[in-house]
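Shown next, in structure tokens, is the structure this report addresses.
The values are calculated or read from the model by the stated rules, or taken from the named source; none is laboratory data. Since the model is a prediction, treat every value here as computed from it, not as a measurement. Positions of Cβ are backbone-derived with ideal geometry, glycine not excepted, and every protein chain shown enters the neighbour counts. Side chains included, ligands, DNA and RNA excluded: accessible areas come from the protein's heavy atoms. Shrake-Rupley method; radii C 1.70, N 1.55, O 1.52, S 1.80 Å.
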Amino acid sequence: TDKLFTDPRSRIHLDDARTWFSGNPSGYDIIISEPSNPWVSGVASLFTTEFYALARAHLNSDGMLVQWIHIYELNTPLLASILKAIADNFPYYSIYFADDGDLTLLASVDSPLPMPDPAIFGPDAMRQQLARVHVRHLEDLRYRFIGDQSLYNPFLARIDIRANSDYYPVLDLGAEQARFMQENVTELLNLRLSTVPVLDILYGESGVRVDNPSRTDYFPDQQVIDAYKLYEYFSQKVFDQSIISPIASLNFLQSAASNCEQEYNLTVW
């Protein structure tokens, strides 16, 4: 965020987002929406189908909406109400984990969103900025990807909740309750951590392997590193105790043994 305030190309306007768009005809290549949590009074209006229609109208050709969505203090139907509002206005979208509690959604009107290109790591300035958030390899982005419209639209069609709207504010009315009940959307995290490689199967990916991975507070990062080091140990008999302890390895093996039970596998599938 320091670049936002120090880059001479920045033009900062203090205004309500909807008011700004309503009175400003400018078009943008990228619109980034990172409001506060929707249980804060008035914020849920920035997650409505009407707001997304307004943002869509201000995007240039091949423009992109980038939307922050939290999955803590929320539940699956409320998340679906946000995604339905986005899908009503953007035919193409992809969802990534930013960390354990936050999603980053990319939405486009004109064309499907491809997977990230390795070329983003070419420029030094971009590589340094990505390293600040522990993204050093293409694989760091690949295993943060948790699906696009082809996966979620059928899922949304099965959930009996309307798109969040100014005229049907399900998010505004439900976010306070979700926060009070300390709910969260764990199902999305399980898409990446499930014993069954769901996303790899659906999208035809091969397994993710990261050279020189770095441990962060993002839980899947920890899982990838532990798996990588265990593979290294059993294939090459190399054990880095600074990364993973023998106790962790023992716990992993005990867990793997219990998960090989037939009843468990049938339940997972």
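Restricting to region 131-159, name every residue that is part of a loop (DSSP other than H, G, I, E, B), closer than 17 Å to Ala87 by Cβ and in contact (Cβ under 8 Å) with a residue 40 or more places away in the chain.
Ile159, the sole residue that qualifies.
Can you pull out the residues in region 111-128 that are without any contact (Cβ under 8 Å) to a residue 12 or more places away in the chain and of a type in the set (S, T, N, Q)?
The one that is without any contact (Cβ under 8 Å) to a residue 12 or more places away in the chain and of a type in the set (S, T, N, Q): Gln128.
Residues to consider are Leu191, Leu171, Leu199; find the one that is open to solvent by 30 Å² or more (accessible area, probe 1.4 Å), in a helix (DSSP H, G or I) and either modelled with pLDDT under 70 or not basic (Lys, Arg) (or both).
Leu191
Could you tell me whether Asp102 is within 24 Å of Gln177 (Cβ to Cβ) and open to solvent by 10 Å² or more (accessible area, probe 1.4 Å)?
In short, yes.
Could you please find all residues in region 59-99 being open to solvent by 40 Å² or more (accessible area, probe 1.4 Å), of a type outside the set (Phe, Trp, Tyr), closer than 28 Å to Pro25 by Cα and touching a helix residue (DSSP H, G or I) at 6+ places or on another chain (Cβ under 8 Å)?
Listed by number, the residues that qualify are Asp88, Pro91.
Would you check which residues across region 70-106 are of a type in the set (A, V, I, L, M, F, W, C) and within 17 Å of Asn164 (Cα to Cα) and list them?
Of everything in region 70-106, those that are of a type in the set (A, V, I, L, M, F, W, C) and within 17 Å of Asn164 (Cα to Cα) turn out to be Ile71, Leu74, Leu78, Leu79, Ala80, Ile82, Leu83, Ala85, Ile86, Ala87, Phe90, Leu105.
Can you tell me which residue is nearest to Asn75 (Cα to Cα) among those in region 142-168 that are of a type in the set (A, V, I, L, M) and surrounded by fewer than 16 Cβ atoms within 10 Å (Cβ to Cβ)?
Taking the candidates together, the pick is Ile159.
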